[in-house]
Amino acid sequence: MNWKVIGQSVIGSSHTELSKGCEDAIKYCVINSGEENETLIGFISDGAGSAKYAAKASTLAVEQGIAIVQQWLIDGVEIQECDLIKLAEIVYDDLVALAGQYSAALNEFSCTLLGFIILPGKACFLQIGDGAIVKHGNDENFNFLWWPHNGEYHNTTTFLIDDINLLLMR
C-alpha cells in the first residue's frame, strides 16, 4: 500500500501572545515488512504555549514514540492497548529526566501526544490531549476516530505530563 500522510501545525494563541514560534512536532515513517506489507507509524505533539521548553518536549515525544514502536516491530511485539500505555509512561519518564537535566519544573515540558500505528490488518491509536486523528471513510469524507479531548476550561487541554493523563488516554 502507498501511504499519504498529511500533517498540519498552526501557531496557537498562547504562542502568538508570547511571540513564540510554533512548538509542534510531527514525525512519521513507513516500514516495509516485505510482500507489499507496510506499517505506517506516526506521532504528533503540540507543545504548550505556556511551557518554556515546549518545543523540546514535543520533539522528544514524537522521536521517542517512533523509536519505541520501531523497536517493538523489530522484536515482534504484538502491539496491544497496554503497550500504548507503556509507551506513554516511557515518554513521560523521559520528560521527567529532561526536566531534571534543565533543572526546570515538569510543567515547563507540557505537550500533547497523538499517535498511530497502522499494520497490515490492524491499527492502533493513542491520544493524550487535544488534536485530531481522522480517517478517510467509505463515504468519501474524513471522520474523527473520536472527538478530541479538551480541558476543563476554554482553550485548555490535558498534557502528557499531567497526573491524570492515563485516565484520559484514548
Dipole of the chain, Cα-centred, from +1 at each Lys and Arg C-beta and -1 at each Asp and Glu C-beta, to the nearest 20 debye? 300 debye
Using a 10 Å cut-off around each Cβ, can you sort PHE116, PHE159, PHE125 from fewest to most neighbouring Cβ atoms? PHE125, PHE116, PHE159
Which angle from 0 to 90°, rounded to the nearest 10, does the C-alpha axis of helix 54-75 make with the longest principal axis of the chain? 30 degrees
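Hey, got a sec? Which GluC sites (Glu not before Pro) in segment 58-146 land in a DSSP loop and have at most 14 other Cβ atoms within 10 Å? Please report the intermediate quantities before stating the final value.
Numbers: sites: GLU63, GLU78, GLU81, GLU89, GLU108, GLU140; in loops: GLU78, GLU140.
Those satisfying the criteria are GLU78, GLU140.
Once the Cβ-Cβ distance between GLU140 and ALA97 is put in as r, and R0 is 45 Å, what FRET efficiency do you end up with, to the nearest 0.05?
Values: r = 45 Å, r/R0 = 1.00.
Calculated transfer efficiency: 0.50.
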Taking 0.36 nm per residue of sequence separation and subtracting the Cα-Cα distance, how much length would be gained by fully extending the chain between CYS82 and TYR28, in nm to one decimal? 17.3 nm
Going by alpha carbons, how many degrees (0 to 90, nearest 10) lie between the helix axis of 81-101 and the longest principal axis of the chain? 40 degrees
Additional length obtainable on full extension of the chain from ALA105 to ILE74, 0.36 nm per residue less Cα span: 7.7 nm
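Any read-out appearing in this document is the output of simple, stated calculations on the displayed coordinates, not a laboratory observation. Bear in mind the structure is a predicted one, so any value in this text is a computation, not a measurement. Positions of Cβ are backbone-derived with ideal geometry, glycine not excepted, and every protein chain shown enters the neighbour counts.
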